[in-house]
Amino acid sequence: MQLKKDILKVLSSNVVNIIIGIFTGFLIPAFLPLEDYAYLKTYTLYVTYIGILHFGVIDGIFIKYGGKLEEEINKSIFKWEHHFIIMFQSIVMIIGISIGIILKDYIVVAFALSILPINIQALFKLFYQATGKLNTYAIIMVLSPNILLIFNIIIIFVLKINNYWPFILSTIISNIIVFVWLEIRFYYKYKNIPIKFDINSILTNFKVGCFILIGNFSAIFFYAIDRWLVKFTLSIKEFAIYSFAISMMTLINTMINSVTMTFYPYLARGQKLENLKILKNILLIVGSLSSGSYYFLILLLGITCQNIVSH
């Protein structure tokens with residue numbers, strides 16, 4: 001059945017991401033000094049808020065095209081929506097860079113440089129999820145982590161630079177590489193399609209997406225507030241250890257969220273009882289496996305946290 005195949009594609013790409021995430025998650029803190037690792041995790045904490053900076057327009061596109069095939073959408077309008085988001089996020093990125101330079105906080109500058117490539121990746125991920133192009137979605141999901149893994153291995157084993165900045169720069173560069181690949185691919189696919197400027201479509205995407213944005217912001221605020229409290233009230237060592245533990249848990253949550261978001265296109269096409277039963281069973285299986293894997297990570301966390309402290 002196509003539904004099961006699509007879920008398997010998403011699940012397999014997320015399993016690859018988890019394996020890479022666990023490998024790099026244990027490798028980097030074993031290599032970096034504790035203070036440098038804390039600064040690296042400060043950057044990743046900032047990055048969790050990047051999805052809020054499109055102000056819901058990308059979520060609106062996901063809702064708009066959910067359940068439709070790519071052949072069924074108005075490509076002229078989608079091309080306009082894509083171009084608008086590029087311009088919009090470029091402005092947000094420039095504002096962020098300016099703030100970072102004024103504050104002389106170069107982690108904020110690095111965060112701002114990540115806004116455009118990460119949110120454009122989010123646009124294409126949600127678009128391909130919504131339209132059922134899960135082969136392309138799976139490629140996007142595994143491409144950036146694999147590139148980042150190669151960079152990190154080079155930094156650790158070849159360059160042997162035990163400073164947090166190369167790891168931040170490698171994250172930015174890997175996201176830019178995927179961003180450029182997506183843009184080139186989009187250009188050749190849509191180059192002969194005229195743009196239809198439609199302000200109403202953009203406004204509608206903002207209106208619809210703002211409710212998703214509020215939900216996402218609430219979730220991010222709820223799940224990240226503990227790291228802010230640790231960062232501002234405890235020592236840098238404790239922030240580094242706590243951030244490491246949270247990063248492992250986030251891998252599991254990411255897998256569950258990616259799979260459940262794939263359900264939306266099928267539900268949008270009609271809530272057939274057969275599909276609902278399949279979706280329910282898949283969610284139960286994925287949720288159970290993910291919850292069980294948490295206890296396996298606890299054992300690894302205890303060992304690695306001891307290594308971080310001694311390091």
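The values are calculated or read from the model by the stated rules, or taken from the named source; none is laboratory data. Keep in mind that what you see is a predicted model, and the values were worked out from it rather than measured. Methodologically, a virtual Cβ is constructed for each residue, glycine included, from the backbone with ideal geometry; neighbour enumeration extends over all protein chains shown. Side chains are part of the model used for accessible areas, which takes the heavy atoms of the whole protein and leaves out ligands, DNA and RNA. Shrake-Rupley method; radii C 1.70, N 1.55, O 1.52, S 1.80 Å.
Among rounded, prolate and oblate, which fits the stretch 25-67 when a ≥ b ≥ c are the square roots of the eigenvalues of its C-alpha gyration tensor, a/c under 1.5 means rounded, and a/b larger than b/c means prolate? Before the final figure, lay out the partial values.
Working: a/c = 9.06, a/b = 2.84, b/c = 3.20.
It comes out oblate by the Cα gyration axes.
Each other residue within a Cβ distance under 13 Å of residue 59 adds +1 if Lys or Arg and -1 if Asp or Glu, for a net charge of +2. When the pairs 125/196; 41/189; 41/207; 133/207; 160/237 are compared against a 27 Å limit on Cα-Cα distance, 41/189; 41/207 fall above it.
To the nearest 10, the accessible area of residue 189 is 90 Å² with a 1.4 Å probe.
Is the shape of the stretch 146-250 best called rounded, prolate or oblate, per the rule: a/c under 1.5 gives rounded, else a/b larger than b/c gives prolate, else oblate, with a ≥ b ≥ c the square roots of the Cα gyration tensor eigenvalues?
In terms of gyration-tensor shape, oblate.
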